[in-house]
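Here's the structure we're looking at; comments come further down.
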Amino acid sequence: MKKLITLHDVINLEMVLKHVDGILVGQKTYGTRLTHSFSDEELHFIIDEVIHQKKDVFLMANQMMTDEQLEQFSTWIEQFKNKKITGVVVADLGAIITLNEKGFLGRVIYNPETLATNYYDFNDLSRLDVFGVYAAKEITLSDLDIIGSQKKIKMFIVGHGHLNMFYSKRQLIHNYMEFLGEPSRFHDQKDLTLIEENRQEEAYPILEDDAGTHVFRSHVMHVMNHLDELKEWLDYMVIDTLFKDDRYGALVAQMYDTKDVDLIKRIQEDYHEMWDEGFFYKKTIYKGKGGEQ
């Protein structure tokens with residue numbers, strides 16, 4: 001099992017890479033929920049440095065793209081075709097076809113957010129010659145275990161961080177401020193939270209970026225207690241440091257690398273976090289009107 005991490009600043013690249021096997025970086029034109037939007041020049045530098053250290057590097061292009069965006073993406077991605085990047089993470093099936101046509105065959109990772117829930121999904125997607133797929137965030141550890149034992153391609157999961165649970169392409173915060181008749185100054189602001197009237201004890205991080213609006217779980221997902229099990233079938237575990245910083249990423253990566261449980265308390269206290277195991281032991285149940293399942 002390889003560990004990947006996101007990056008906030010190029011100057012911290014070496015520090016962040018020390019305890020992981022690779023990195024995830026992107027640009028806001030085609031990526032979303034990014035820790036930072038890097039310029040083309042910065043991306044080339046990061047790719048060269050990571051490859052020099054013989055580690056994996058993935059580009060994030062995980063927006064749901066319009067036809068116009070897809071055409072622009074097709075042109076933009078060509079500059080990286082001859083780079084030895086490990087892969088490109090996308091959320092759009094059209095982007096998979098585009099990348100395969102552009103010479104990235106076997107280097108595409110599909111992240112459909114909540115849709116890859118069984119090994120049939122994984123194995124059917126292997127027909128598109130993808131490198132790997134992100135498993136859905138809302139399925140249990142036992143379900144992931146079954147997928148892992150039957151999959152034909154690489155499996156990715158977000159193993160540490162605030163899980164994104166809602167995504168709309170609409171600029172909902174901007175629309176709300178416009179409704180109030182006030183200027184919107186909250187775009188790309190990463191310290192906002194949403195509190196529901198009937199769940200006032202939980203504050204959900206909310207982010208509006210160029211790709212839309214995103215709401216996240218209040219607790220931080222972690223997999224520290226399951227590393228031995230995960231390494232039997234998981235290929236890539238992602239440490240997502242959105243809402244944090246590179247110091248946080250370096251500490252968390254060190255914790256997973258050294259299995260230093262004392263670091264957990266230190267990180268939680270320093271960053272005022274509550275951790276849990278996400279949906280590993282929680283079945284997701286959808287209820288319709290009247291409460292029927």
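Please treat every number below as a calculation from the coordinates, not as lab data. Keep in mind the model is a prediction, meaning the values are calculated, not measured. Positions of Cβ are backbone-derived with ideal geometry, glycine not excepted, and every protein chain shown enters the neighbour counts.
Below is a table of values for the structure above.
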| quantity | calculated |
| --- | --- |
| Neighbour-count ranking [beta-carbon atoms within 10 angstrom, fewest first] of LEU251, LEU227 | LEU227, LEU251 |
| Sequence-separation-based contact order of the stretch 164-216, relative, with Cα cut under 8 Å and 6+ spacing, percent | 46 percent |
| Radius 14 Å from Cβ of TYR110, net charge of other residues (Lys, Arg +1; Asp, Glu -1) | -1 |
| Gyration tensor verdict on the chain (Cα atoms; rounded if a/c is under 1.5, prolate if a/b is larger than b/c, oblate otherwise) | rounded |
| Placed amide H near THR6: partners under 5 Å, 5+ positions off or other chain | LEU24, ILE239, THR241 |
| Between the stretch 137-206 and the stretch 222-273, the Cα center-to-center distance that results, in Å | 19 Å |
| Qualifying lysines (Cα of each under 20 Å from Cα of LYS151; at least 8 residues distant if same chain) | LYS2, LYS3, LYS137, LYS231 |
| Kyte-Doolittle mean at least 0.0 and Cα axial length at least 24 Å: DSSP H helices in the chain | none |
| Other-chain or far-sequence residues with amide H under 5 Å of LEU163's (modelled H) | ARG217, MET221 |
| Given charges at beta-carbon only (K, R positive; D, E negative), |dipole| of the chain in Debye | 700 debye |
| The stretch 180-293 - charge dipole about Cα centre, Lys and Arg +1 at Cβ, Asp and Glu -1, debye rounded to 20 | 340 debye |
| Dipole in debye (nearest 20) - the stretch 164-216, about Cα centre, beta carbon charges: Lys, Arg +1; Asp, Glu -1 | 160 debye |
